[in-house]
Amino acid sequence: TSGDLQLTEIKNRTFYGCTSLEYIGYFPNISNIGGQAFENCTSLYQIHLSDMTSLKVIDNHAFLNCGELVLSNDVFPASLEKIGNSAFRNCKQICRGDGALLTFAKGSMLKEINADAFRGCYDSNPYRFARLNFEFPEGLEYIGINSLAESEFSTDKLGSKIYIPASVITICEGAFTDARIR
């Protein structure tokens, strides 16, 4: 729980490898989640991104290998500008549950989804449903190398189409390599 904390940043490697950390509370003033801040927090299952209304950057490897992390039906805040390299890589449960949907808040300022950002967000267990399902926000300019590789995702509510906004300037090699588009 956040209590009365006025926390504005979670620095690089702050909780790196904290295998017993399970939950991150409500921190509306956070502007940056640093590189490797929660990397290898294998028990981390919940964070409320939608309540981080000042969040601008989720840096490189921020949630790398947080295999239990669930963001089902959560909203990336409009203030978010950058999702760093491997930020959510190997987060196999990122969208657990039938019809799970990650969205970007109206007026999203997101410009970059960097290399490997959502790579490996796929659970091969046939009894679990884990699929990224979000619409790329208008204004997005950059989709990095392998950013959605080896993931299962779609960008429409029916799970059948990919919508790339006209604002996208660069789609890097391998952005969708081995992705399962459903």
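The values are calculated or read from the model by the stated rules, or taken from the named source; none is laboratory data. Worth saying up front: this structure is predicted, and the values here are computed from it rather than measured. For neighbour counting, all protein chains shown are included, and Cβ atoms are generated from backbone atoms with ideal geometry for every residue, glycine included. SASA here: full protein model, heavy atoms, side chains in, ligands and nucleic acids out. Shrake-Rupley method; radii C 1.70, N 1.55, O 1.52, S 1.80 Å.
Say whether the condition of being at pLDDT 90 or above, open to solvent by less than 20 Å² (accessible area, probe 1.4 Å) and assigned to a strand (DSSP E or B) is met by at least one residue in the stretch 126-144.
yes
If you go through the stretch 6-56 one residue at a time, how many are farther than 16 Å from Ala87 by Cβ, assigned to a loop (DSSP other than H, G, I, E, B) and within 14 Å of the chain's Cα centre (by Cα)?
So the answer is 2.
Of all residues in the stretch 71-89, how many are assigned to a loop (DSSP other than H, G, I, E, B) and at pLDDT 90 or above? Break it down into steps so the answer makes sense when it comes.
Restricting attention to the stretch 71-89, the residues satisfying the condition of being assigned to a loop (DSSP other than H, G, I, E, B) are 71-74, 77-81, 84-89.
If we keep only those that are at pLDDT 90 or above too, we end up with 77-81, 84-89.
Going through the stretch 71-89 one residue at a time, the tally reaches 11.
May I ask you to list the residues in the stretch 78-94 that are closer than 15 Å to Lys111 by Cβ and open to solvent by 10 Å² or more (accessible area, probe 1.4 Å)?
Going through the stretch 78-94, the residues closer than 15 Å to Lys111 by Cβ turn out to be 78-85, 87.
Result: Ala78, Ser79, Glu81, Lys82, Asn85.
Checking Lys56 against (1) of a type outside the set (A, V, I, L, M, F, W, C); (2) at pLDDT below 95; (3) over 19 Å from Ala149 (Cα atoms), which test does it fail?
(2) is the only condition that Lys56 fails.
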